[in-house]
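The values are calculated or read from the model by the stated rules, or taken from the named source; none is laboratory data. Nothing here was measured: the structure is a model prediction, and the numbers come from that model. Backbone-built Cβ (ideal geometry, glycine too); neighbour counts: all protein chains shown. When the accessible area is computed, the model is the full protein with side chains, heavy atoms only, and any ligands, DNA or RNA have been set aside. Shrake-Rupley method; radii C 1.70, N 1.55, O 1.52, S 1.80 Å.
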Amino acid sequence: MFSFFYFFILLSTNLIFFVFFFFFFKQKTAYEMLRSLVGSEMCIRDRSTGEINERQMPLHTRFTELVGIEHPVLCGGMQYVGYAGLSAAVSNAGGLGTVSALTARDPDLLRAEIRACAALTSKPFAVNFTILPMMGDMLKDYHLLVQVVIDEGVKVVQTAGNSPDRMKLHDGRTLLKWFKDAGIVVIHKCMSVKHALAAERGGVDCISLGAYEYGGHIGNGDTTHWVQQAKAGLALKVPFIVAGATAHGSQLAAALAMGASGVEIGTGFMATQECNIQQGIKDCITSPTTDDTSTILLLRKVHNVGRFYKNDLTKKVAALEEAHPGEFGPLAPYMTGKRTFKSLQESGDPDDSAWTCGVATSFITSVPTCKEFLETLVGTAEDSIRASANLIASRL
């Protein structure tokens, strides 16, 4: 009798729990079930009002944790674009701004640019170092630029081109060793999973992985983001971010779904109010006639292929490249940095130089502030993630 009584109590309790569970979660999606269980933990509470803001769910990733930022977005370290004003504006908006060491070139100018950025933001920002064989004599004094970054207390750097564990400076230490000895986080940008794995073995902290659609030098492969990033998600142990061809929040959501921890954006930040390039370039990027067909690949036959804005000059370069395969000499007068600088910083003429541009122009139709751009990007990503979660229906 005693055992039967406890058996009856146990059976009744389980039955009540089953009925409650069935009706409470019936027809709910996985996202709704999780929200019901954890309540407001999936939302952000407005610190000023104490109210829950469901639209701003934090996108906390390994990348945001690694570099100490709010949004998983890095502004690319673009030559003649990556100055203090833009870098600070991106960082103040919650992303990671980047000062271009290649633009400064001189240690004193780089120090001034870093200090100008630090005066405009208290948040983390990076310095980009490009390492290419064609830089010649500049590489001999690279340690002077590196020392400036260390002395000024920069906490994050991005390297691009040759892997930093393979480039030795004047004292025999590698570029990576210099940075790691100073406690600096190193993000390395490369264009293939093969090179990403090599950089990972070399000891970098994070990978910025480009692909065929990237605006700028894309390596010599033709693998697109759709395969490249999913492959990286399966292969890499360190966090990685998707570099290039991104300016819409659904792309950020897709990057996270493929295993990435964020995105790197270049062209999108060129078309912001804080970017100091000339208005003519911004007008070109945001023009209704500029889209994913408005770029051109050059320099493939000299093994340095890159994506540039398509204009009469770059089409002429393409024709010269076909006529003189493997020769850079006939192309050189049209591919100078001096010419690009003039277009971006002086004349604003988008047709007078070969300036790098990504296919993300398809999504860029206005010139917002960096804050507006990032909030729209991340907000749209959050909406995409919620919509995707709603596709998972309960089996109950």
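Give me the percent of accessible area attributable to carbon and sulfur for segment 255-335, probe 1.4 angstrom.
50
From the C-alpha coordinates alone, can you work out the Kirkwood hydrodynamic radius of segment 113-178, in Å?
About 12.7 Å, per the Kirkwood formula over Cα pairs.
Label SER347 and THR376 with points 7 Å out from Cα along Cα→Cβ: what is the distance between them in nm?
Placing both labels 7 Å along Cα→Cβ, they lie 3.0 nm apart.
Classify segment 240-396: rounded, prolate or oblate, from the alpha-carbon gyration tensor (a ≥ b ≥ c, eigenvalue square roots; a/c under 1.5 rounded; otherwise prolate if a/b is larger than b/c)?
prolate
Rounded to the nearest 0.05, what FRET efficiency do ASP141 and THR286 give with R0 = 56 Å and r taken as the Cβ-Cβ distance? Could you check? Can you show the working numbers first?
Numbers: r = 39 Å, r/R0 = 0.69.
Working from the Cβ atoms, E equals 0.90.
I'd like the accessible area for HIS324: 1.4 Å probe, protein heavy atoms, all chains in place, Å² to the nearest 10.
Its heavy atoms expose roughly 70 Å² to the probe.
Can you give me the three principal axis dimensions of segment 70-208 from its C-alpha atoms, in Å, biggest first?
35, 31, 27
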